[in-house]
1. For helix 36-48, report the angle its Cα long axis makes with the longest principal axis of the Cα atoms of the chain; keep it between 0 and 90° and round to the nearest 10°.
2. Taking other Cβ within 10 Å of each residue's Cβ, how do 173, 76, 285, 85 sort, fewest first?
3. Under the Karplus relation 6.51 cos²θ - 1.76 cosθ + 1.60, θ = phi - 60°, what is the ordered set of whole-Hz ³J(HN,Hα) values for the stretch 264-279, x standing for Gly and Pro?
4. Among residues other than residue 4 whose Cβ falls under 12 Å from its Cβ, what is the net charge (Lys/Arg +1, Asp/Glu -1)?
5. When N is the residue count of the stretch 130-301, what does its C-alpha Rg come to as a fraction of 2.2 N^0.38 Å?
6. Long-range amide H contacts for residue 221: which residues qualify at under 5 Å (H placed 1.01 Å from N, peptide plane, sequence gap of 5 or more or a different chain)?
7. From the phi of every residue in the stretch 236-243, what ³J(HN,Hα) in whole Hz does the Karplus formula 6.51 cos²θ - 1.76 cosθ + 1.60 yield, where θ is phi - 60° and glycine or proline is x?
8. On C-alpha positions alone, give me the angle between the axis of helix 178-211 and the longest principal axis of the chain, in degrees, nearest 10.
Amino acid sequence: MLLETLTLNQFRNYEAQQAAFCPGLNLLSGPNGHGKTNLLEAIHYGCLAHSQRTRKDKELIRWGASAFVLRLQGRVGEQAHTQSVEYAESGHKRVKVEGRESKRLSDLLGHFSVVSFSPEDLDLIRSGPQLRRRFLDVLLCQFSLDYLDTLRHYNGALKQRNSLLKQMGGNDVLAAYDEPLVEHGTRITLMRRRALADMAPLAGEAYRFISDAGEELTLGLSGSVSDASEEASLRAAFRRKLESLRVAERETGVTLAGPHREDLAIDLSGRPARDFGSQGQKRSVALSLKLASARLLEAKQGRWPILLLDDVFAELDESRRRRIGDLVRGKGQVFIANPRAADLPFEPEKTLNLRHGTLA
């Protein structure tokens, strides 16, 4: 897949700007605070209709404006492709694919797939499970609309069930809300496990190459209602778990079991990276997860995704910079935001110089 042009209107510090890109390595250069990261964020948002930096879309509207528009043009395989996203401060979001407005945001997915990495992604290792679940969900939704649909149904069932718990506590009607939760939750757990089974060796390989150390990176899914691998057995275990938690759930007013309680387990040589990894190890783990995500998307879609790297080389020694460069060079379209071109272990095919939200 190839992103050829991006048009921004009233996004972050960009008033009106069009940027053209090359198929290979695109360097976004310029002083800090002038729009390099914002341009990467615009690409991400235009591809997936959400930001990798914030959950509050209103923060993306340029100061003094009431809406922003992003328009992407390029090629997916041999076909020309255009898609756009418009967001207004009222909360209304409009999506167009090939110039036709769509009522579903999901219609945007599967065309321009994207994987991003920034220094903040260390929170994948350091923070709680919510961010790691979101990481998995965003990845799976890009190559599986079935997963997206199942996740949407599960979240709807979870919201209804939690609402009932808060309103009616001990009412026996609660059992009727178990089945949709079990049906969709079971499928989510199984799909997450399959994705991790494919992704784990890719992440381990990337970590060994980047770190050149003796630790072994392993991934797993923790917090599931059961370790059962068969769908029927997992469904039955989920039902039993909900039944056993009836009293506790009525007391707390929330659903205490299901995929919304799962976590991505990240270990280095059998020990949790969150607790035992150094800062450098955590950074290498986070980058390995993102590179493994890109390889998984390539395997599922037959195309390397767009790769966004924000200041990834700044805190790495020359050896690790070179190794990362070897992993991404020649793999497809890459966007690198870096204030110092000297930090790069390769020559970019194109350099875009940014000053105050404009291309200099």
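1. Taking Cα atoms only, the helix is inclined about 50 degrees.
2. Sorted ascending by nearby Cβ count, the order is 173, 76, 85, 285.
3. Ordered by residue, 3J(HN,Hα) equals 7, 7, 10, 10, 10, 6, x, 10, x, 4, 4, 8, 10, x, 6, 4 Hz.
4. In short, +3.
5. 1.15
6. HN-HN under 5 Å from residue 221: 265.
7. Coupling constants for the stretch 236-243: 4, 5, 5, 4, 4, 5, 5, 4 Hz.
8. Once rounded, one gets 40 degrees.
No value in this document is a laboratory result; all are computed from the given coordinates. Model, not experiment: these values are computed from the prediction. Note: ideal-geometry Cβ built from the backbone for every residue, glycine included; neighbour counts use all protein chains shown.
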